[in-house]
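Coordinate-derived values only; no laboratory data. If you're wondering where the values come from, they're calculated on a predicted model, not measured in any experiment. All Cβ positions, glycine included, derive from the backbone under ideal geometry; neighbour counts span all protein chains shown.
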Amino acid sequence: MNSQETASNRLDALIIGAGFSGLYQLHCLRDKQGLNARVLEAGEGVGGTWYWNRYPGARCDSESHVYCYTFSKELTEDWNWSERYPGAAEIVSYLNHVADRFDLRRSIDFGSRVVSAQFSESDNGWCVEDHTGQRHYAQFLITAVGCLSSANVPDIEGLGDFAGAWYHTGQWPHEGVDFAGKRVGQIGTGSTGIQAAPVIASTAKHLSVFQRTANYSVPARNHVLTPDQRSDHKRDADAIRQLTRSNSNGHGWRISDRRALDTRDAERQAIYEKAWTTGGLKFRSAFSDLLSSKQANDTAAAFIQGKIRNLVKDPVTAASLADIDHPYAAKRPPIDTQYFETFNQDNVTLVDLRKTPLLRVSENGLVCRASNSEGHAVEQEYNLDILVFATGYDAITGTLLRLDIRGRHGVTLKQAWSSGPRNHLGLQVAQFPNLFMITGPGSPSVLTNMPAAIEQHVEWISNCIAYMKHHNYTLIESPETSVDSWVNQTNAEANKTLLPTVKHSWYLGANIPGKPRMFMPYAGGLDRYRDICNQVAIENYQGFEFS
Ligand code: NAP
């Protein structure tokens, strides 16, 4: 690294990503602390996850009045959400509004994809290279790349032979896709597939949904917000903020103290019925023991499976949809708008890949292994014009690893995480000084309402940097001992729950071939995590080392 070049244009902080995290981080460092901070963003606009995820039906599962920043009363006051759950386009509009309101765009380089980041021992800072070869120098490097930004297109034989068009939901064309008159195949029935299928089916000639693992889903019960509901949210904004900052999940509700196993059958059933009618992720707040006791969880599972069987008219299809192999909410629980009802339409077919495994993509569509009336294996081809991959992401670590980040002595993040992600408080990796991760592995992130987790992380990182500036420290790093301790705590919290018991969960990296299997988010709750982080700060950032 040329030290003259470094000194002349070195930033205080370089932030990667202009989604919820990056925008707020920029505001905190540039506008509140007067630091020289910049954002590099691969997309041509703000929005992060929501910039790319424009698939049919894309909508947030958090309610709009909590899926937003809380740091500015004026911002809360002057923004009006239109629906109970914000759609992707409205979230992008919101983030554009934030970027304009706080004049953030002038400090963001759009269309700038980071290809490498190298820590320099001589400069105690980072050299970050973008796809054009331009180098950017900064004391601090902050990743704000989201948890679900590296699309997973499974390696299915023959995809190159397909004569039709194919798309991954996380890289959806901005001009949209016209399904009218088309035979569409959708692979994947996670949160995304469950949102997309009803919308695709509303215009497609035919939709075939290829399901490998059946999934729970609870009705979202989305609706347009009334003027009264909007003004209630504004009037109660302080209380809502206090709630999302003090509960375990960052949503606008607390998980009940009541235990399913201590509740009599009829009462438990009535509670589930009420939660089903209310709809949304709040269903999981019905009882406290749903994620700690398999027996308790079975009661929720049986309730939802019963609903699926009632909603779907064809008994064979209903049985496949209700044949769920994991505890409720042990995978991220989807919520839907008419998902199960969609299978009652004449133009929709469920293909159960557990009965008829997917063999390959052909020129005409997808080929599965079925059996004929004599029980002999035969190939069954589904002719398709469009193939939609709702197959998820190389979640949490995928994008971080693709950035080719190198710490002390050139050690790569891939090497440091060869057995799974390891860091201190989800924020810092040993041997990678002055690097902070927002909502990275080891933090509550995806187990919470994301903006709540993001605000907590950004504020903690900003305070830490302010502390360093105040004390004239130039370097912060986490020793291995702190990392070991946090990894042990993260594992211990996960093991108290049913979360690590799921076969194909992306929480564990188990959806990506070859990815080390390790439960990645911190499962002890955002409230506990916040307390731990605050205590560390109060104790002069105990567990971190400064120089
Ligand atoms: P996902 O939960 O990982 O689901 C991927 C789906 O694709 C699963 O059904 C999976 O089956 C299937 N699949 C993957 N590879 C396959 C293969 N080779 N053959 C057949 N099926 C295959 O991904 P997602 O639905 O995109 O959701 C990811 C996360 O994004 C969510 O959990 C949520 O956190 C977030 N999200 C949020 C919202 C929201 O807030 N509204 C909306 C969408 C997504 P298996 O289960 O068998 O692996």
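Observations, loosely collected:
- Counting only Cβ charges, +1 for Lys and Arg and -1 for Asp and Glu, the dipole size of the chain around its Cα centre is about 700 debye.
- Which of Cys28, Cys368 has the fewest Cβ neighbours within 10 Å, and the rest in rising order: Cys368, Cys28
- Computed lengthening from Ala537 to Asp238, 0.36 nm per intervening residue step minus Cα-Cα distance: 105.2 nm
- Whole-Å distance, taken between Cα centres, linking segment 117-146 and segment 63-112: 27 Å
- Efficiency of FRET from Cβ geometry, Ser8 and Asn495, R₀ 56 Å, rounded to 0.05: 0.65
- Rounded Å value of the spacing that divides the Cα centres of segment 160-178 and segment 201-268: 30 Å
- Helix 265-278 and the longest principal axis of the C-alpha atoms of the chain enclose an angle of approximately 70°.
- Two-site FRET efficiency, Ala163 against Ala370, from Cβ-Cβ distance with R₀ of 22 Å, rounded to 0.05: 0.50
- Using alpha-carbon coordinates, inclination of helix 450-470 to the longest axis of the chain, degrees: 10 degrees
- Distance from segment 345-410 to segment 444-493 (C-alpha centre basis), Å: 37 Å
- Distance between the modelled labels on Lys294 and Ser72, one decimal in nanometres: 5.0 nm (7 Å Cα→Cβ projection).
- Calculated [θ] (222 nm, deg cm²/dmol) that DSSP helices of n ≥ 4 give over the chain, each run adding -39,500 (n - 2.57): -9000 deg cm²/dmol
- Using the Cβ-Cβ distance between Asn80 and Glu545 with R0 = 30 Å, the FRET efficiency computed as 1/(1 + (r/R0)^6) comes to roughly 0.05.
- A Cβ-based charge dipole, computed about the Cα centre of segment 392-455 with Lys and Arg at +1 and Asp and Glu at -1, lands at about 260 debye.
- Bridging of Lys503 to lysines at a Cα separation below 21 Å is possible for Lys294, Lys331, Lys355, Lys515, once same-chain residues fewer than 8 apart are set aside.
- Rounded to the nearest 10 degrees, the angle from helix 88-101 to the longest Cα principal axis of the chain is 20 degrees.
- A dipole drawn for the chain from +1 and -1 charges on Cβ atoms has a positive end, and of Asn434, Gly279, Leu225 the residue lying farthest that way is Gly279.
- Positive-end ranking of Trp506, Thr481, Asn463 along the dipole of segment 391-520, with charges on Cβ about the Cα centre, is headed by Trp506.
- Whole-Å semi-axes of segment 241-317's equivalent ellipsoid (Cα gyration tensor): 25, 16, 11
- Rough spin-label spacing in nm, given labels placed 7 Å along Cα→Cβ, for Asp100 and Gln269: 5.4 nm
- Each residue in Leu281, Leu508 was given a count of other beta-carbon atoms within 10 angstrom of its own, and listing them fewest first yields Leu281, Leu508.
- The fewest-to-most ranking of Thr76, Thr391 by surrounding Cβ atoms within 10 Å reads Thr76, Thr391.
- Modelled spin labels at Glu175 and Glu381, positioned 7 Å past Cα toward Cβ, are 3.0 nm from each other.
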